[in-house]
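Report on one structure; see the data block that follows.
We did not get these values from a lab; they are worked out from the coordinates using the rules stated. This is a predicted model, so every value here is computed, not measured. Quick reminder, even Gly has a Cβ in these numbers, built from the backbone with ideal geometry, and neighbours come from all protein chains shown.
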Amino acid sequence: MDGIPTTTIGAFPKPDFVPVSDWFNLPDQDYTARWADEIAIAGDQAEELFVRAAAEVIADQVKAGIDVVTDGEVRRENYIHYHCRHLTGIDFEHRSRYEMRGVLSTILPTVTEPVAAGEAFLPHDWRVAQASTDHPVKVTVPGPLTMADSLVDRYYGDRSALVADLARAVNTEIRALADAGCTHIQVDEPVFARRVDDALTFGIDALSTCFLEVPDTVTRTVHCCCGYPRHLDDNDYEKAPLAAYLDLAEAIDAAPVDRFSIEDAHRPNDLATLLPRFKDTTVILGCVAIARSQVETVDEVRDRLTEALRHIDRDRLVAGPDCGLGYLGRDRAVAKLRVLAEASRSA
């Protein structure tokens, strides 16, 4: 019996020499303040360090047994604003305070003009990462609804209009990735679970725009977790409603999406109710918690995968972490991935 394929979601603990700070290590939740200064300090060495870091974190994932890897987002201060820096119409110098996701007061870049794609940048990041491995490297892209919820709009005054322009900008970058040869592209839309009405009203349409004219050679993935913690072992942090996946499932299944990534380790779902709602879409099931220091056992992960297989075809199940692994530290992240891979091979 063949094992279940495995993947990671995006972020990986950065090696110590990486010149960019992770967003959760910055003071006052000002997630965008230091990136440019840190890159300037690194100077001509920055690219060399990013290449080395991508190779190291990819090697960690491969040795752990992961099939489809990422570059660990080693170039990014966070998965959203790195992309936003490459778009027109977004001001990073004049930032504004905003209650992001409706739960966290923070300081964010400001939309001051029409948003559009700039010069393509992710093909370079992918080529560098892919050169270090024969495993497929998946590139992650922030989704338009999630980006809109991570910016302060001083121009559009209409969330759906901003999301539509962001979707067109994302599509430009995704098509450039596909033209470069990338075969796994993931759009991160955790805000779908926070703003289900927006997701169903215009977010799914924007998601379709993201993948417009993307060839079938690309595996089109969407990731939707239910909320990121403030620190490791923050077990009481506020999650999106448990019913969000149930509300989204049929619309996602009808969208031009091959794989839908959900979290299930930190807060398990009713798989008997949820998984049958995906008639065609492959589900990436989150099997290890990304904010809990305790490493899961192989039996625990295998049992959850076995339960999932009661409700979805084997060829439409992939195992992964709940979300990015940045909080865990490198050794613990690798330990969790080894458990994930072993359990998946034997499920």
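Brief remarks on what is shown
- Residue match in the stretch 126-136 (condition: touching a Pro at 6+ places or on another chain (Cβ under 9 Å) and within 23 Å of E250 (Cβ to Cβ)): no
- Listed by first and then second residue, the pairs linking a residue in the stretch 325-340 that is more than 10 Å from V288 (Cα to Cα) to a residue that is among the acidic types (D, E) and surrounded by fewer than 21 Cβ atoms within 10 Å (Cβ to Cβ), with Cβ atoms under 8 Å apart and 6 or more places separating them unless they lie on different chains, are G326/D22.
- Verdict on R332 being over 20 Å from the mean Cα position of the chain (by Cα) and not in a loop (DSSP other than H, G, I, E, B): no
- Among residues of the stretch 203-219 that are over 19 Å from V137 (Cα atoms) and in contact (Cβ under 8 Å) with a residue 40 or more places away in the chain, those with a beta-carbon under 8 Å from a residue that is aromatic (F, W, Y) and surrounded by 19 or more Cβ atoms within 10 Å (Cβ to Cβ) at least six positions away or on a different chain give the pairs G203/F192.
- Selection from the stretch 124-153 of residues that are over 27 Å from T88 (Cα atoms) and in a helix (DSSP H, G or I): Q130
- Residue within the stretch 63-73 that is under 20 Å from K138 (Cβ atoms) and surrounded by fewer than 16 Cβ atoms within 10 Å (Cβ to Cβ) present: yes
- Residue within the stretch 166-174 that is touching a residue at least 40 places away in the same chain (Cβ under 8 Å), hydroxyl-bearing (S, T, Y), out of contact with any Lys or Arg (no Cβ under 6 Å at 6 or more places or on another chain) and assigned to a helix (DSSP H, G or I) present: yes
- Restricting attention to the stretch 265-280, the residues that are surrounded by 20 or more Cβ atoms within 10 Å (Cβ to Cβ) and under 19 Å from the mean Cα position of the chain (by Cα) add up to 2.
- Screening the candidates A178, A199 for the property of being surrounded by fewer than 24 Cβ atoms within 10 Å (Cβ to Cβ) and either in contact with a Cys (Cβ under 8 Å, 6 or more places away or on another chain) or of a type outside the set (K, R) (or both) yields one hit, A178.
- Count - residues of the stretch 35-55 that are among the charged types (D, E, K, R) and surrounded by fewer than 13 Cβ atoms within 10 Å (Cβ to Cβ): 3
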